[in-house]
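S.K.: Quick one: the structure is below, questions incoming.
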Amino acid sequence: MSIRVEGLHFGYPDGVTALCGVDLVVESGERIAIIGENGAGKTTLVRHFNGIMKPTSGRVLVNGVDTATREVSQLAREVGYVFQNPHEQLFARTVRAEVEFGPRNLGYPAGRRRRLVDWALEATRLTAHSDAHPYELSLAERKRVAIASVLAMDTPIVVLDEPTTGQDCAGVNDVGSILAQLRDSGRTVVGVTHDMDFCAENFDRVVVMARGRIVADGPTAEIFRDDAVLAEAAVEAPSMTRLTRRLGWNRSAITVEELVSRLDHRERGPSDHPHGQ
Amino acid sequence: MTQDFYRPGTSLIHRWNPVTTLSLSLTLVVTAFASQALWLPAALLVFVVFPAALVSGVFRRLLAWLARFLLPVILLLFVIQGLYHQDGPLLDLGPVGVHLDGVLFATRTALRLLVLTGAFLLLLFTTHPGELMTALVAHGMPPKISYLVSATMQIVPAFRQRAHSILDAQRARGLRTAAGPIGRVRALVPLVGPLVLGALSEVDERAVAMEARAFGATTRRTSYTVIADSAAQRVSRWSMLVITIAVIVLSATGVIR
């Protein structure tokens, strides 16, 4: 299930141009992060993926179908979208009913619905709260309810807008393991994030946006080593990258895991010294 | 809609202290309603409201809004008052007739409505609502009233924006909003729920945030934005107050009719 964006322009009614010529292909099963400073057009771009926004010009194809010809509620079958603010969607009396809302709208039979809801609650560590009122939960938990409610829709593409904002360490790890599960089940994941450490550890490909355009697009490890690109997009490199750079490593590390494994190499044999001496 | 009235400008009236413009509007309205004479509201309209609108560059918008608001009302007034009245007909049209006192009544009411609406449209077109509130507070209006008015005006666009986001979020979860009357009613729950819950929790947060900034303090407060005023405007405001009181007194005692 792929997404193909061709020459996408989008202008708001008040005259602000949010996207000016975006071309992007997201292949089935990819985990791709979209980064960039506020106002770069990240959210506007991903809102085209499920048809909430329609191009001013250009096309967005989801699995070959032009989104301009489909209703948002029809595209909901292909693209699950987790909004940044959970308060814009929570309405049900219980967490379980909230999570079941999407699958019910999509007309899934009761058995499948139950399995999906159970799985989504489990993945977001909310099983114990399934009978609670969503507003009894903390903000971080409510945000996970919003994630669960989209996971339970079992869509081949999942878009997450700022999934880690307001989450504590455990919550961020949960989102990470959800992303891993989505990848293992072959789903396409698109994430918008400001959390560069999270991005480095959980996404394989990074698209960098600035001023309504894509300024870089490539494997995570390459993008985060490109200072010029990061400066243009006004984003900070992951903390491990900054650390290893300060330590004077020729080739900086991106994640904790990478740093540790390369330190291990150093311990074991100076022949693998990153300075290559 | 409230946000659409005011547009920035540099005219004399735009630069007036909002309280001066408000005084002018109130004086116009009181005067227009004080007398039975037709010439008075007509003169106010032609010699005060329209020239003021021309000076501040809102004349065309004023006419457009007056037509939109009042044209149907005035037409109805003339039909009802002109045709169905007690006295003998001015013009006999068989089963119905046009009556003089009916036409007079309709004309008077129409002129008064034109002054009333025109005066307040002039105020709304040339005065930033926030500045009006600040100026009124500076003149001793309780800040709570100012908050009540400002919050109400701000909440409409904010609410609309929020309703839009909620609609997007629920449609993204497969909610169909255009599926017959029953479907529509059922779709309301997931839309109204977050709107109301959100508004309630916002009230709470807002109250705390305002209290944290000493909204309930009883001392006389100073204003962050100082709104320009002048001696001439002060004098004119006092004069308008005197005129208004005089008109009310003269009208009540039957000196002017």
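S.K.: What percent does the relative contact order of chain A come to when contacts are Cα pairs within less than 8 Å and at least six residues apart?
M.R.: 22
S.K.: Give the distance, in whole Å, between the Cα centre of the stretch A:71-87 and the Cα centre of the stretch A:192-257.
M.R.: With the stretch A:71-87 and the stretch A:192-257 each reduced to a Cα centre, they are spaced 28 Å.
S.K.: Need the per-residue list for the stretch A:99-113: every residue with at least 30 Å² less accessible surface in the complex of protein chains than in the chain by itself, probe 1.4 Å, sorted by number.
M.R.: A:F101, A:N105
S.K.: For the stretch B:142-212, with every protein chain kept in place, what is the accessible area per residue (1.4 Å probe, Å²)?
M.R.: Per residue, the stretch B:142-212 has an accessible area of 62 Å².
S.K.: Further question on the same structure: Rounded if a/c is under 1.5, else prolate if a/b beats b/c, else oblate: with a ≥ b ≥ c from the C-alpha gyration tensor eigenvalues square-rooted, which is the stretch B:142-212?
M.R.: prolate
S.K.: What number comes out for accessible area per residue over the stretch A:86-165 if the probe is 1.4 Å? Units Å², please.
M.R.: Roughly 37 Å² per residue, with all protein chains present.
S.K.: Checking buried surface per residue: for the stretch A:150-174, which residues lose a minimum of 20 Å² accessible area in the protein assembly relative to the chain alone (1.4 Å probe)?
M.R.: Buried-area filter returns A:M153.
S.K.: By how many degrees, between 0 and 90 and to the nearest 10, does the Cα long axis of helix B:100-126 differ from the longest principal axis of chain B?
M.R.: 40
S.K.: Helices from chain A with mean Kyte-Doolittle at least 0.5 and a Cα length along the axis of 15 Å or more, per DSSP H: which?
M.R.: A:139-151
S.K.: OK, next. So, counting K/R as plus one and D/E as minus one, what does the shell of residues with Cβ under 9 Å around A:V117 add up to?
M.R.: Here the count lands on +2.
S.K.: Considering all projection directions equally, how large on average is the shadow of the alpha-carbon convex hull of the stretch A:127-277, in square nanometres?
M.R.: Averaged projected area of the stretch A:127-277's Cα convex hull equals 11.6 nm².
S.K.: Nearest 0.05, what FRET efficiency do B:A43 and B:A163 give at R0 = 41 Å with Cβ-Cβ as r?
M.R.: That gives a FRET efficiency of 0.35.
S.K.: Separation between the B:S236 and A:W249 pseudo-spin-labels, each 7 Å from Cα along Cα→Cβ, expressed in nm?
M.R.: 7.2
S.K.: Follow-up question, since we're still on this one. Could you tell me how far the Cα centroid of the stretch A:146-165 sits from the Cα centroid of the stretch A:1-47, in Å?
M.R.: After rounding, the separation between the Cα centres reads 18 Å.
S.K.: When a/c is below 1.5 the answer is rounded, else prolate if a/b is larger than b/c, else oblate, so apply that to the stretch A:1-90 with a ≥ b ≥ c taken from the square roots of the Cα gyration tensor eigenvalues.
M.R.: rounded
S.K.: What is the helix-to-structure angle for B:59-83, meaning the angle in degrees between its Cα long axis and the longest Cα principal axis of chain B, kept from 0 to 90 and rounded to the nearest 10?
M.R.: Orientation of helix B:59-83: about 60 degrees from the principal axis.
S.K.: Follow-up. Does anyone have the angle between helix B:180-212 and the longest principal axis of chain B? Alpha-carbon axes, 0 to 90°, nearest 10?
M.R.: Roughly 90 degrees, rounded to the nearest 10.
S.K.: With every protein chain present, what accessible area does B:S239 have (1.4 Å probe, heavy atoms only), rounded to the nearest 10 Å²?
M.R.: Using a 1.4 Å probe on the heavy atoms, I get roughly 50 Å².
S.K.: For the interface of chains A and B, what total accessible area is buried with a 1.4 Å probe, rounded to the nearest 100 Å²?
M.R.: Details: alone 12750 and 16250 Å², together 27250 Å².
Rounded to the nearest hundred, the buried surface is 1800 Å².
S.K.: Leaving out ligands, DNA and RNA, what percent of the accessible area of the stretch B:122-173 is carbon and sulfur, probe 1.4 Å?
M.R.: Details: 1750 of 2540 Å².
For the stretch B:122-173, the apolar C and S fraction of the accessible surface comes to 69 percent.
S.K.: Based on alpha-carbon centroids, what's the gap between the stretch A:88-112 and the stretch B:152-193 in Å, whole number please?
M.R.: Cα centroid to Cα centroid, the span is 17 Å.
S.K.: Here's something else I'd like to know. If I compute solvent accessible area with a 1.4 Å probe over the protein chains, what percent of it on chain A is carbon and sulfur?
M.R.: Roughly 47 percent, rounded to a whole number.
S.K.: Roughly how many nanometres apart are two label points built 7 Å out from the Cα toward the Cβ at A:N38 and A:E257?
M.R.: About 3.3 nm, to one decimal.
S.K.: Which value at 222 nm does chain B reach when only helices count, each DSSP H run of 4 or more adding -39,500 (n - 2.57), with the total divided by all residues and rounded to the nearest 500 deg cm²/dmol?
M.R.: When only DSSP H runs of four or more count, the value is -24000 deg cm²/dmol.
The values are calculated or read from the model by the stated rules, or taken from the named source; none is laboratory data. Not measured: the values here are computed from a predicted model. So basically every Cβ, Gly included, is an ideal-geometry build from the backbone, and we count neighbours across all protein chains shown. Note: accessible area is taken over every heavy atom of the protein model, side chains too, but ligands, DNA and RNA are not part of it. Shrake-Rupley method; radii C 1.70, N 1.55, O 1.52, S 1.80 Å.
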